[in-house]
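Visitor: Questions regarding the structure given below will be posed in turn.
Taken together, the values in this text are just the output of simple stated rules run on the coordinates, not laboratory data. On a predicted model such as this, the values are computed, not experimentally measured, just so you know. Backbone-built Cβ (ideal geometry, glycine too); neighbour counts: all protein chains shown.
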Amino acid sequence: MRTVLSRLAVVSVSAVVVAVLSACAGYAPPTDLSGLSRDEIVARMGPPDMQGQVAGGSRLEFPRGPYGVHTWFVYLDPNGRATRSEQVLTETSFLRINPGMSQEEARQVLGRPGEVEALGRNRGQVWSYRYENPFCRWFQIEIAQDQTVRSAGYGEPPECAKRDDSTHP
């Protein structure tokens with residue numbers, strides 16, 4: 001009886017592991033997506049958050065991960081076939097965000113922000129992007145009322161803020 005229960009437990013755990021790993025299969029684009037059609041990519045990754053025209057074809061945007069720490073751009077040629085993909089929530093991409101650029105230009109570099117917060121006194125918005133990093137921080141863009149980037153840099157997300165125990169018993 002004990003052996004049967006042990007085997008049943010191993011089979012159950014194995015089934016859970018397979019199910020979890022299968023669910024992650026659609027997280028990132030396939031390693032070799034060259035030539036896949038838009039429909040094949042959507043079947044594997046789900047519907048894109050945005051699709052837009054870019055030089056030489058179009059681009060699909062797939063924000064991913066808990067709290068959106070990855071955003072994948074998949075580029076398609078004019079025939080709707082994949083040519084490449086890239087994860088854009090990176091230091092390299094963040095360095096491309098500069099004061100004075102338009103809100104739309106920033107959106108084209110990083111995709112949809114994970115969070116948008118209005119600034120007081122109608123001064124604009126702050127766009128926040130979580131990303132993989134060894135520190136507890138996110139990248140933020142301050143968008144002015146005229147829809148241009150006022151500033152950009154790193155901040156501490158709310159889940160990392162240290163609580164003042166003297167005010168919270």
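Visitor: Any idea how far the Cα center of the range 44-77 sits from the one of the range 116-161, in Å?
Guide: Between the Cα centres of the range 44-77 and the range 116-161 lies a distance of 22 Å.
Visitor: Once label points are set 7 Å from the Cα along Cα→Cβ at both Ala118 and Ser151, what is their separation, rounded to one decimal in nm?
Guide: Placing both labels 7 Å along Cα→Cβ, they lie 2.2 nm apart.
Visitor: If you keep only loop residues by DSSP, which trypsin sites (Lys or Arg not before Pro) in the range 67-169 have at most 13 other Cβ atoms within 10 Å of their Cβ? Show your work: numbers first, answer last.
Guide: On the way: sites: Arg81, Arg84, Arg96, Arg107, Arg121, Arg123, Arg130, Arg137, Arg150, Lys162, Arg163; in loops: Arg96, Arg123, Arg137, Lys162, Arg163.
Those satisfying the criteria are Arg123, Lys162, Arg163.
Visitor: While we're on this one: What FRET efficiency comes out for Arg96 versus Lys162 if R0 is 30 angstrom and r is the Cβ-Cβ distance? Round to the nearest 0.05.
Guide: On the way: r = 31 Å, r/R0 = 1.05.
The value I calculate is 0.45.
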